[in-house]
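As structure tokens, the structure follows; a few thoughts come after it.
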Amino acid sequence: MALTRRQQWRIDKVQSEKIARSNKASIKAESNVDNNEAGHKGIVITRYGQRQLVELKSGEIFQAVSRQNIGFSVAGDQVLLQTTKEGEGIVTAIFPRKTELKRQERLIAANIDQLWLIVAIEPHYQFELIDRYLVIAEDSNLSINIVVNKIELSKNSEQLESDFSNYQELGYDVHFLSVKNETNLKEFKTKLVNKSHIFLGQSGVGKSSLVNSLIPDLELRVNEISSKSKLGKHTTTNTTLYHIPSGGDLIDSPGIREFQLDNLSEKQIVNGFREFKSLAGECRFRNCHHINEPGCVVKEAVELGEIHPNRYESYLNILP
Ligand code: GDP
Ligand code: ZN
């Protein structure tokens with residue numbers, strides 16, 4: 001729907017007011033820059049409106065604003081920070097990002113290496129839901145692995161393994177855990193070292209439990225961030241980068257964990273099924289939906305058993 005001139009004017013006005021506010025904050029900070037500082041490399045750990053917390057290699061955390069026109073920095077961004085005489089900071093540059101996690105075009109985190117889809121025995125995993133999450137994850141270009149939690153509740157371990165063998169064949173790493181009994185937790189931790197991660201999955205599968213077992217002093221950390229920010233109470237609802245004591249970083253917030261399937265296009269959905277992607281260009285019709293068109297190689301692959309019927313069923317259900 002086209003905007004009326006008045007609506008457009010409102011939007012422009014709000015935008016320019018926002019810019020003016022942020023400029024004012026950065027000009028104020030610029031006037032206090034320590035002149036003998038070349039700038040330090042740091043990482044954005046969280047963001048509050050115009051302000052952000054930046055952690056330097058030394059572990060010191062600074063509250064900072066961004067220099068004008070450098071763009072919007074988010075948790076996970078590598079940045080250059082100049083400190084001010086008042087012990088605050090100005091972000092003067094954002095380093096190029098390895099990855100961007102966006103939701104409805106809005107950037108929410110940067111430089112995530114690894115996405116973990118968490119599912120469980122209870123609530124029992126469903127293939128279609130797994131595939132929906134995988135489609136979103138594939139769309140974000142991140143490396144994707146799967147965690148199956150609460151395995152001590154499984155009554156049939158053979159079935160469990162066969163249920164996930166197709167995902168393993170497709171190249172997803174699958175880790176079977178019990179956070180409660182600490183089964184395979186140690187090995188899982190070693191997979192996190194030196195990388196930045198997010199956990200994704202439906203409610204009740206054990207994400208909070210997993211985060212708490214990885215970062216036992218989470219509450220302390222949140223309080224520490226809260227006192228640094230001086231902007232009122234920091235809570236775990238804010239997208240934040242946490243260091244995992246055994247190695248690696250976790251970027252977490254409820255918004256990240258419960259990522260919904262946005263309105264993905266048919267092309268994004270097809271690309272979200274790894275095993276379709278390479279075939280889809282070979283169908284007889286260029287605009288093949290892979291439903292019941294003649295000469296559809298995806299359909300053929302399903303019939304030949306090269307594509308798992310569960311996956312194809314998910315595809316049909318996910319299509320708008
Ligand atoms: P979230 O909604 O994904 O964050 O899930 P929670 O961490 O809140 O966990 C939901 C419930 O599952 C809680 O009652 C946890 O104690 C429980 N839970 C977590 N991990 C395990 C596990 O390995 N086995 C069992 N049986 N329960 C677990
Ligand atoms: Zn086709």
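Scanning region 224-247 for residues that are modelled with pLDDT of 85 or more, surrounded by fewer than 19 Cβ atoms within 10 Å (Cβ to Cβ) and within 17 Å of residue 45 (Cα to Cα) returns 243, 244, 245, 247. Of all residues in region 248-270, those satisfying the criterion of being within 16 Å of ligand 1 (Cβ to nearest atom) and assigned to a loop (DSSP other than H, G, I, E, B) are 253, 258, 259, 260. Of the residues making up region 274-288, those that are more than 12 Å from ligand 2 (Cβ to nearest atom) and in contact (Cβ under 8 Å) with a residue 24 or more places away in the chain are 274, 275.
Before we move on, is residue 107 more than 16 Å from ligand 1 (Cβ to nearest atom), aliphatic (A, V, I, L, M) and crowded, with 20+ Cβ neighbours inside 10 Å? Break it down into steps so the answer makes sense when it comes.
Values: more than 16 Å from ligand 1 (Cβ to nearest atom): yes; aliphatic (A, V, I, L, M): yes; crowded, with 20+ Cβ neighbours inside 10 Å: no.
Criteria not met by residue 107.
Filtered by the rule that a residue be hydrophobic (A, V, I, L, M, F, W, C) and either on the phi > 0 side of the Ramachandran plot or in contact with a Gly (Cβ under 7 Å, 6 or more places away or on another chain) (or both), region 97-125 gives 108, 109, 110, 112, 117, 118, 119, 120.
Here's a check for you: in region 157-215, which residue that is within 12 Å of ligand 1 (Cβ to nearest atom) and of a type in the set (D, E, K, R) is surrounded by the most Cβ atoms within 10 Å (Cβ to Cβ)? Checked region 157-215; the qualifying residue surrounded by the most Cβ atoms within 10 Å (Cβ to Cβ) is 207.
Quick one: in region 271-313, which of the residues that are among the acidic types (Asp, Glu) and in contact with a Lys or Arg (Cβ under 9 Å, 6 or more places away or on another chain) is farthest from ligand 1 (Cβ to nearest atom)?
Looking only at region 271-313, we keep the residues that are among the acidic types (Asp, Glu), and these are 275, 282, 293, 300, 303, 306, 313.
Next cut, in contact with a Lys or Arg (Cβ under 9 Å, 6 or more places away or on another chain) only: 275, 293.
Details: 275: 28, 293: 40 Å.
Among them, the one singled out is 293.
Of a type in the set (D, E, K, R) and within 17 Å of the chain's Cα centre (by Cα), is that true of residue 252? Break it down stepwise before answering.
On the way: of a type in the set (D, E, K, R): yes; within 17 Å of the chain's Cα centre (by Cα): yes.
The answer is yes for residue 252.
Just to be sure I understand, how many residues within region 100-115 are of a type in the set (S, T, N, Q) and within 15 Å of residue 250 (Cα to Cα)?
If we filter region 100-115 for residues that are of a type in the set (S, T, N, Q), which is where we start, we get 104, 111, 114.
If we keep only those that are within 15 Å of residue 250 (Cα to Cα) as well, we get 111, 114.
Selection size over region 100-115: 2.
Which of the residues belonging to region 289-320 are within 14 Å of ligand 2 (Cβ to nearest atom), part of a loop (DSSP other than H, G, I, E, B) and touching a residue at least 24 places away in the same chain (Cβ under 8 Å)? Scanning region 289-320 gives 289, 290, 291, 306, 307, 319.
With a requirement of 1 or more residues that are closer than 21 Å to residue 202 by Cβ and in contact with a Leu (Cβ under 9 Å, 6 or more places away or on another chain), the strands (runs of 3 or more DSSP E) lying completely within region 76-192 that satisfy it span 100-103, 106-110, 114-120, 143-149, 173-176.
The values are calculated or read from the model by the stated rules, or taken from the named source; none is laboratory data. Please read these numbers as outputs of a predicted model, since none were measured by experiment. Positions of Cβ are backbone-derived with ideal geometry, glycine not excepted, and every protein chain shown enters the neighbour counts.
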